[in-house]
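The block underneath contains the structure these notes are about, expressed in structure tokens.
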Amino acid sequence: MALFQISEPDEAPAPHTRRRAVGIDLGTTNSLVATVRHGLAVVLPDEEGRPLVPSIVRYAEKGVETGYAAMAHQSDDAQNTIVSAKRLMGRGLTDLADARRFPYRFVDAPGMVKITTRSGVKTPVEISAEILRALRTRAEESLAGAIDGAVVTVPAYFDEAQRQATKDAARLAGLNVLRLLNEPTAAAIAYGLDNASEGVYAIYDLGGGTFDISILRLSKGVFEVLATNGDSALGGDDFDHRVLCWMIEAAKLPPLAPPDVRSLLVASREAKENLSEHETALILATLADGQTVKVTLTKAIFTDITRNLVGKTMQPVKRALRDAQLQPGDVQGVVLVGGATRMPQIRRAVAEFFGQPPLTNLNPDEVVALGAAVQANKLAGNQERNDDWLLLDVIPLSLGLETMGGLVERIVPRNATIPVARAQEFTTFKDGQTAMAIHVVQGERDQVADCRSLARFELRGIPPMTAGAARIRVAFQVDADGLLDVAAREETTGVESSITVKPSYGLTDGEIAQMLQDSFAHAEDDMQARSLVEAQVEADRIVDATQTALATDGVLLTDDERATIEQSLAQLARMRGGSDHLALRGAVEALNRATEDFASRRMDRSVARALAGKRVDAFQ
Amino acid sequence: MAAFLVIDFSRDHFALFGLPQRFRLDADALDRAYRQLQGVVHPDLFANGDDTQKRLASQSAARVNEAYSALKNPVTRADYLLSLQDNDARGASGPQLPVDFLERQLERREAANDAAAAHDALALGTLLSEVRTDARKMEERLAEEFDGAGTGDETPMRVRELTFLAKLAEDLDAMQGALDSEDES
């Protein structure tokens, strides 16, 4: 597809010139870009020498800001400043049991949640693409030319939808994706090649929002992943949130508005980071109303309130070892990856479980990007000394089909080495049946309802036969990026009828092309019409959200308060029919103001529930 | 760019790895051959190639992975050897398992359920090692038949029994894992 081409064919580099290849670690909290220079992997810093780009995107009045520029406004413009977008990739609103933790205006959409910003409704894919675009620009300036290809890393435990979303984001950012690479595997490459290691290694990777454990066998230049496990919604963010909950209780804080939540979370993170070096951390913050928060968090308290989070990481570790049919003692070394592994209680827990101190000689923030750069360099075809190595990775979660009674028939088991192709035959259950519904799911549970639905499609045009006579072969193919294609074919009659699907969470090539065009063609847009549509979408969203809130938590309001909100709702409904987008925006803002207290009370209640032990983040 | 090795899809799994068609198998030789093959067909070697090369690499690597996983595991290896003998007494169309064998395994499964309910990890572990011992004995027997005395009418039955035992062991192992997690949370 011409649209995705980075360079024109006649500008393609001659075979002997080096290709510009980069590795990108698209993290929950921070992102990095690295490349191989003179045979050595290096992170590419910004003009001020900073290696990390905070994974934050702000839709400001004047345009899009990313990184540190966006970070500066995470509290004062919380609703338009998106942090941790990675947690939303490939996730619907129902997947986010902790949705209230985010100060955003969510729009529930089929497949993936969206966020209303002042620049319109944005998908997590578009938001992530902004970060990737910033990294691409940095790399192009640093390498003085267009990037030929990139390896983008994903958590090993990312499922199909999350992987597809990441690849879409990279394409949207104009990157030629050479490969999606699992983060712990990338770390293993950087570590293993550096240390010429042999034997079984465990990579314990706790990032800002995701946790992975991978067990690898390193032998004569082959990196073979034996098993992987994890939790794609568990990370350093959760530790910050525990601190926040503790602080609310300790300082007896009133219900908090989104900007206050954001600034207290920032303070919580700083305290967490301080405790890696010190015994106590003073948390000092000023709320929007001028109130000062001053509490001291000790290491002992911090360890105590995060104990079950640490425990939550050890379950996947055990499952991965079990799948690899190994004991903790079989592991030669444990490599720690991700900034969150700086926490002493994590290091202690890992050391205790494996009976050895973990290896920390590589910077846990950079090791993933460095490994990705090494692989990108190899995939791009640049010759290096020492590039005679091979990577064999696995798929983290089983893939299957729905069969009779809502049960899952597993086709590709978890930890199967990719690429993998597996097929299974099914048959018709009714005489003369000419179509068959095929429902593709991912997960380890036996019931379809407990697995993630990836795609549904129908095989039509089966010649009428008696029940059980048709032979329908459903073939699963998982490529080296860990992405799935499913095809079905009726085989007895020689009549071929097949269809290939993309999982429903992925964007079609057409949609991506459209988004790319949209982002290039801003000037030609009829801004007026666009603004109205955006305002209408926003209006519908807030009406919907308010009505839902009234229905579920109406008891938190007095009659007068309720009447005020309903008045604003009615006013908004009147404006919704008109064509004045400014008036409509005004009405939306009015409703927003009218529901502000209500929203805080609801948030307060959910925090209180969380503290009472009813975990709001209990989803896997 | 490395020369493209086209995998001959008609070769059997053993021939693919240059190994004799036997049940007893040199695991190290299999590992070595597997890595060698992936070292020439893996899609990472063709990331820069055209779509056809990429597709072929993906198919070939998938074929090598399929053959490797079929041979690595004794249960699937036994089943595969039967299929090479054109033995159609496999899978669902195979012989019924003997009643006493089934009863024995059902008893074990019930005992395992009881042990899990009682959080008795020790009892569960004992059951698991019993099942594994049975499976190993069955493997030895199959090795004698496939590699020596020759297979007979009973062989498909034994392969089914081995498959059954392996599945039971897998389930017990999962139960043990679940017990571990419960005890901690």
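The values are calculated or read from the model by the stated rules, or taken from the named source; none is laboratory data. All figures in this text were calculated on a predicted structure; none of them were measured in a lab. Cβ coordinates were reconstructed from backbone atoms using ideal geometry, including for glycine residues, and neighbour counts include every protein chain displayed.
Select from region A:114-155 the residues that are away from every other protein chain (no Cβ under 14 Å), in a loop (DSSP other than H, G, I, E, B) and in contact with a Ser or Thr (Cβ under 8 Å, 6 or more places away or on another chain) and list them in ascending order.
Those that are away from every other protein chain (no Cβ under 14 Å), in a loop (DSSP other than H, G, I, E, B) and in contact with a Ser or Thr (Cβ under 8 Å, 6 or more places away or on another chain): A:Ala146, A:Pro155.
If you take the residues in region B:150-176 that are touching a residue at least 40 places away in the same chain (Cβ under 8 Å) and within 14 Å of another protein chain (Cβ to nearest Cβ), which one is surrounded by the fewest Cβ atoms within 10 Å (Cβ to Cβ)?
Once the filter is applied, the top-ranked residue is B:Asp171.
Quick grid of which residues meet (1) surrounded by fewer than 16 Cβ atoms within 10 Å (Cβ to Cβ); (2) under 23 Å from A:Arg118 (Cβ atoms):
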position	(1), (2)
A:Ala551	yes, no
A:Leu556	no, no
A:Met575	no, yes
A:Asp580	yes, yes
A:Leu584	no, yes
A:Glu589	yes, yes
A:Asn592	no, yes
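Could you tell me whether region A:233-249 includes any residue that is surrounded by fewer than 24 Cβ atoms within 10 Å (Cβ to Cβ), touching a strand residue (DSSP E or B) at 6+ places or on another chain (Cβ under 8 Å) and without any contact (Cβ under 8 Å) to a residue 60 or more places away in the chain?
yes
Could you list, in sequence order, the residues of region A:434-466 that are free of Cβ contacts under 8 Å to residues at least 40 places away in the same chain and either closer than 29 Å to B:Ala57 by Cβ or of a type in the set (A, V, I, L, M) (or both)?
Answer for region A:434-466, where residues must be free of Cβ contacts under 8 Å to residues at least 40 places away in the same chain and either closer than 29 Å to B:Ala57 by Cβ or of a type in the set (A, V, I, L, M) (or both): A:Ala435, A:Ala437, A:Ile462, A:Met465.
Out of all the residues in region B:177-184, is one or more out of contact with any Gly (no Cβ under 8 Å at 6 or more places or on another chain), without any contact (Cβ under 8 Å) to a residue 40 or more places away in the chain and either within 18 Å of B:Asn73 (Cα to Cα) or within 14 Å of chain A (Cβ to nearest Cβ) (or both)?
yes
Looking only at helices (runs of 4 or more DSSP H) that fall completely inside region A:208-315, which ones have 3 or more residues that are touching a helix residue (DSSP H, G or I) at 6+ places or on another chain (Cβ under 9 Å) and small (Gly, Ala, Ser)?
Filter on region A:208-315 gives A:258-274.
Which strands (runs of 3 or more DSSP E) does region A:339-434 wholly contain that include 2 or more residues that are away from chain B (no Cβ under 11 Å)?
Here the list reads A:399-403, A:407-412, A:420-426.
Only one of A:Ala109, A:Ala97 is in a loop (DSSP other than H, G, I, E, B), more than 12 Å from the chain's Cα centre (by Cα) and free of Cβ contacts under 8 Å to residues at least 40 places away in the same chain; which?
After ruling out the rest, the residue left standing is A:Ala109.
Go over the candidates A:Arg319, A:Arg342 one by one and state the one that is crowded, with 17+ Cβ neighbours inside 10 Å, farther than 23 Å from A:Asn274 by Cβ and basic (Lys, Arg).
A:Arg319
For region B:33-77, what are the residues that are in contact with a Lys or Arg (Cβ under 8 Å, 6 or more places away or on another chain) and part of a helix (DSSP H, G or I)?
B:Arg35, B:Pro43, B:Asp44, B:Phe46, B:Glu66, B:Ala70, B:Leu71
Evaluate the following for A:Asp95: is it surrounded by fewer than 20 Cβ atoms within 10 Å (Cβ to Cβ) and of a type in the set (Asp, Glu)?
Yes: the conditions hold for A:Asp95.
Within region A:82-90, identify whether any single residue is part of a helix (DSSP H, G or I) and of a type in the set (Gly, Ala, Ser), and answer yes or no.
yes
Could you tell me whether region B:11-32 includes any residue that is at the interface with chain A (Cβ under 10 Å from one of its Cβ atoms) and either touching a residue at least 24 places away in the same chain (Cβ under 8 Å) or under 18 Å from the mean Cα position of the chain (by Cα) (or both)?
Yes - at least one qualifying residue is present in region B:11-32.
Residues are listed down the side, and each one gets a yes or a no for (1) surrounded by 15 or more Cβ atoms within 10 Å (Cβ to Cβ); (2) more than 22 Å from the chain's Cα centre (by Cα); (3) within 30 Å of A:Gly381 (Cβ to Cβ); (4) modelled with pLDDT under 95:
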| position | (1), (2), (3), (4) |
| --- | --- |
| A:Ala2 | no, yes, yes, yes |
| A:Ser31 | yes, no, yes, no |
| A:Gly49 | no, yes, no, yes |
| A:Gln74 | yes, no, no, yes |
| A:Ala85 | yes, no, no, yes |
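I'd like to check something: does region A:156-166 contain any residue that is within 14 Å of another protein chain (Cβ to nearest Cβ) and of a type in the set (Val, Ile, Thr)?
Checked against the condition, which is being within 14 Å of another protein chain (Cβ to nearest Cβ) and of a type in the set (Val, Ile, Thr), region A:156-166 yields no hits at all.
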